[in-house]
Amino acid sequence: MQERTVRTFLPAVMKKGEETNSMKINTKSLVICAMFAALTCAVAPISIPLPGGVPITLQQVSVMLAGLLLGAKLGALSQLVYVLLGAFGLPVFAGFHGGMGSILGPSGGFLVGYPFLAAVCGLIYWKWGRQRSGAAKYGVMALAMVLGNALLYVFGLGWFMHVTGNTLGQAMVLCMLPFIPGDVLKMVAVGVIVPQLERALRSVNLEAFA
């Protein structure tokens, strides 16, 4: 009788423990996503307007950090939260703007592309670079950021052309070429910061969320 009771009790305890761990993971995921969404909100107002309607901002830094540090799923989710906050009217986009007008405006494609930038950075880096060291680590990180930003420009240029009626060449002159030097500097800065932040976040079991 006692043995039967133990056999019944142990699976129940194990199931309860799994539910508790799952709850902790979900709570931790939400907190981490909120932190990086808030970081993007904080840096977005720092912007330099340009004639083409697409400003120079620091948002990409936060987006790339989210993807590289959190992985594809959480990184993309954190930036989706950011985009949704702005879409619902909070002034979290460049220049303290918000609302669907920003999403539907000339720079809206870049905003929509942020979750995809984070996802590409996280997918490539966590799969092939995160556990490496030295040149291999930085090489994969650089590749992840370059490919992620290339996809971002696909979204951004495509929507800009749709909204303004400009050709691809005109869109590249207005929305891509002036930004490339700054993008390179942003990627270098992120490459320097990520290893430091990885050490700071090592106590958090991020692998459980990747």
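Give the range 61-118 a look and list any residue that's among the aromatic types (F, W, Y) and over 15 Å from G156 (Cβ atoms), or say none.
Y82, F88, F96
Filter the range 38-64 down to the residues that are buried (at least 23 other Cβ atoms within 10 Å of the Cβ) and part of a helix (DSSP H, G or I) and list them by number. I'd like the intermediate steps shown before the answer.
Taking the range 38-64 first, the residues buried (at least 23 other Cβ atoms within 10 Å of the Cβ) are 40, 44, 54, 57, 59-60, 62-64.
Matches in the range 38-64: T40, Q59, Q60, S62, V63, M64.
From L151, L147, L143, which residue is of a type in the set (A, V, I, L, M), closer than 22 Å to G105 by Cβ and either at pLDDT below 95 or surrounded by fewer than 20 Cβ atoms within 10 Å (Cβ to Cβ) (or both)?
It is L151.
Which one of S78, S107, S133 is farther than 14 Å from G148 by Cβ, modelled with pLDDT of 95 or more and either of a type in the set (G, A, S) or surrounded by fewer than 23 Cβ atoms within 10 Å (Cβ to Cβ) (or both)?
The match here is S78.
Collect the residues in the range 114-137 that are of a type in the set (S, T, Y) and in contact (Cβ under 8 Å) with a residue 60 or more places away in the chain, keeping them in residue-number order.
Y114, the sole residue that qualifies.
Just for the range 117-128: of the residues that are farther than 10 Å from M64 by Cα and either β-branched (V, I, T) or in contact with a Leu (Cβ under 6 Å, 6 or more places away or on another chain) (or both), which one is surrounded by the most Cβ atoms within 10 Å (Cβ to Cβ)?
In this case the residue turns out to be Y125.
What are the residues in the range 82-104 that are within 16 Å of the chain's Cα centre (by Cα) and either modelled with pLDDT under 95 or within 23 Å of H162 (Cβ to Cβ) (or both), if any?
Y82, V83, L84, G86, V92, F93
State the number of residues belonging to the range 90-126 that are polar (S, T, N, Q) and touching a His at 6+ places or on another chain (Cβ under 8 Å).
Residues in the range 90-126 being polar (S, T, N, Q) and touching a His at 6+ places or on another chain (Cβ under 8 Å): 0 in total.
Quick one: is S102 of a type in the set (S, T, N, Q) and without any contact (Cβ under 8 Å) to a residue 40 or more places away in the chain?
yes
Pairs, please: C-beta under 6 Å, at least 6 apart or cross-chain, first residue modelled with pLDDT under 95 and in the range 184-210, second in a helix (DSSP H, G or I) and among the aromatic types (F, W, Y)?
A210/W126
Return the residue satisfying two criteria in turn: it lies in the range 43-75 and is of a type in the set (G, A, S) and at pLDDT 85 or above, and of such residues it is nearest to M161 (Cα to Cα).
Restricting to residues being of a type in the set (G, A, S) and at pLDDT 85 or above, the top hit is A44.
The values are calculated or read from the model by the stated rules, or taken from the named source; none is laboratory data. Values in this document were obtained by computation on a predicted structure and should not be read as measured data. All Cβ positions, glycine included, derive from the backbone under ideal geometry; neighbour counts span all protein chains shown.
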